[in-house]
Amino acid sequence: MMQLWLRDRPERDLLGPLPDEVDLHLIPRTGPVPDGVVEAEFLVPPFGHSRVLELMPAMRCLRVVQAISAGIDWLLPAVPAGVVVASARGIRDSTVAEWVVAVILAATKDLPRYWRDQAAGRWCPTVPAELAGARVLIVGHGSIGSAVEARLAPFGVVIDRIARHARPGVYPADRLSELLSDADVVVLLVPHTSDTVALFDVEMLGRLKAGALLVNAARGPVVDTAALIAALASRRIRAALDVTEPEPLPAEHPLWRAPNVLITPHVAGDSHAAEQRVYRFIGDQVRRYVRGEPLVNIVSVPT
């Protein structure tokens, strides 16, 4: 029997019919991880579950690790050599894109300030900006970047695109510094790699134009936190963050109290619909594996 281990959520009913040779086991949402997880052949680890990651090197039967997110940086260091890793690329694109558009609109219309005024019972009108005509720079233009662009286009924005490698309509990564100064909004969607750690440091943040909005839907370490806090304290730029460094962000961390920042707790890719898509995708991947067919979204392969 092929042991399939995955996180226990109601959406597991959407896996669909599994082959008879699949023995399904569930990783509880709370409490200890069952010892039997070390017998997993096909593993779907919960995002950031430290105990499962710690046990992964002891999984001698492990052949496939299926991520539930497009980013796989959080699990790659724990994956034993020779194990196939597949991402969930494309599954959460619309959800992340909706978050990006939502925070851009909220910042453009100064909604956080109005929410604070409402809580204080203050009637204090101002003249908000408008999004039409703004220049938006998407840094990391993959499938999520395309989804963001599709949702922003009706607002009449001008979009510049950057990816690791140039292609028609997309600038290469080495053009980032020169494009920053013209951007009204910068959307970060890059993966967390050695090349992107602290990509937005003091120098890069200093290249942003006054009043620019930095939107981080990538990973927290992509932005130098101390440099960002300093830039926000000067009130020269604004930020919307779904990810931070560190994460979770401690209650006493100064980033919480920095001006001109909107923070959400790493939920941009989360929705009930996205979870349903994830489990349907997992079911499809398991059936492919059992039939000996190529898996989708393979990130690394046996060597």
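Could you please find all residues in the range 125-175 being crowded, with 18+ Cβ neighbours inside 10 Å and either among the hydroxyl-bearing types (Ser, Thr, Tyr) or over 21 Å from residue 217 (Cα atoms) (or both)? The answer is 171, and nothing else. Only one of the numbered conditions (1) touching a Gly at 6+ places or on another chain (Cβ under 6 Å); (2) over 25 Å from residue 285 (Cβ atoms); (3) not aliphatic (A, V, I, L, M) is not met by residue 122, and that is (1).
Once the range 7-18 is narrowed to residues that are outside any loop (DSSP other than H, G, I, E, B) and at pLDDT 95 or above, the residue that is surrounded by the fewest Cβ atoms within 10 Å (Cβ to Cβ) is 14. Residues in the range 75-87 that are open to solvent by 10 Å² or more (accessible area, probe 1.4 Å), outside any loop (DSSP other than H, G, I, E, B) and not β-branched (Val, Ile, Thr): 76, 77, 78. If I filter the range 251-260 for residues that are closer than 25 Å to residue 145 by Cβ, open to solvent by 40 Å² or more (accessible area, probe 1.4 Å), assigned to a strand (DSSP E or B) and not hydroxyl-bearing (Ser, Thr, Tyr), do I get at least one hit? There is no residue in the range 251-260 that is closer than 25 Å to residue 145 by Cβ, open to solvent by 40 Å² or more (accessible area, probe 1.4 Å), assigned to a strand (DSSP E or B) and not hydroxyl-bearing (Ser, Thr, Tyr). Pairs are defined by a Cβ separation below 6 Å, a sequence spacing of at least 6 or placement on different chains, a first member in the range 199-222 that is touching a residue at least 12 places away in the same chain (Cβ under 8 Å) and open to solvent by 50 Å² or more (accessible area, probe 1.4 Å), and a second member that is part of a loop (DSSP other than H, G, I, E, B) and among the polar types (S, T, N, Q); the pairs so defined are 207/181; 209/181.
Filter the range 45-67 for residues that are at pLDDT 95 or above and β-branched (Val, Ile, Thr); which is nearest to residue 22 (Cα to Cα)? If we take residues in the range 45-67 being at pLDDT 95 or above and β-branched (Val, Ile, Thr), then 64 is nearest to residue 22 (Cα to Cα). For the range 88-124, taking the residues that are among the basic types (Lys, Arg) and open to solvent by less than 50 Å² (accessible area, probe 1.4 Å), the one that is farthest from residue 279 (Cα to Cα) is identified as 113. In the range 53-74, which residues are in a loop (DSSP other than H, G, I, E, B) and either of a type in the set (S, T, N, Q) or loosely packed, with under 13 Cβ neighbours inside 10 Å (or both)? Passing the criteria: 60, 61, 69.
Close Cβ contacts (under 6 Å, 6 or more residues apart or on different chains) running from residues in the range 226-251 that are without any contact (Cβ under 8 Å) to a residue 60 or more places away in the chain to residues that are charged (D, E, K, R) comprise 227/201; 243/219.
Has the range 225-236 got at least one residue that is touching a Ser or Thr at 6+ places or on another chain (Cβ under 8 Å), at pLDDT 95 or above and not in a loop (DSSP other than H, G, I, E, B)? Among the residues of the range 225-236, at least one is touching a Ser or Thr at 6+ places or on another chain (Cβ under 8 Å), at pLDDT 95 or above and not in a loop (DSSP other than H, G, I, E, B), which makes the answer yes. Whenever a residue of the range 165-180 is of a type in the set (A, V, I, L, M), its partners that are modelled with pLDDT under 95 and assigned to a loop (DSSP other than H, G, I, E, B), lying with C-beta atoms within less than 9 angstrom and at least six residues away or across chains, give the pairs 173/164; 173/165; 173/166; 173/195.
So, in the range 19-52, of the ones that are more than 21 Å from residue 289 (Cβ to Cβ) and part of a helix (DSSP H, G or I), which residue ends up most open to solvent (accessible area, probe 1.4 Å)? My answer is 35.
For the range 182-195, the set of residues classified as under 25 Å from residue 225 (Cβ atoms) and at pLDDT 95 or above consists of 183, 184, 185, 186, 187, 188, 189, 190, listed by residue number.
The values are calculated or read from the model by the stated rules, or taken from the named source; none is laboratory data. For clarity, every value in this text was computed on a predicted model and none was experimentally measured. Positions of Cβ are generated from backbone atoms using ideal geometry, with glycine treated the same way; all protein chains shown enter the neighbour counts. When the accessible area is computed, the model is the full protein with side chains, heavy atoms only, and any ligands, DNA or RNA have been set aside. Shrake-Rupley method; radii C 1.70, N 1.55, O 1.52, S 1.80 Å.
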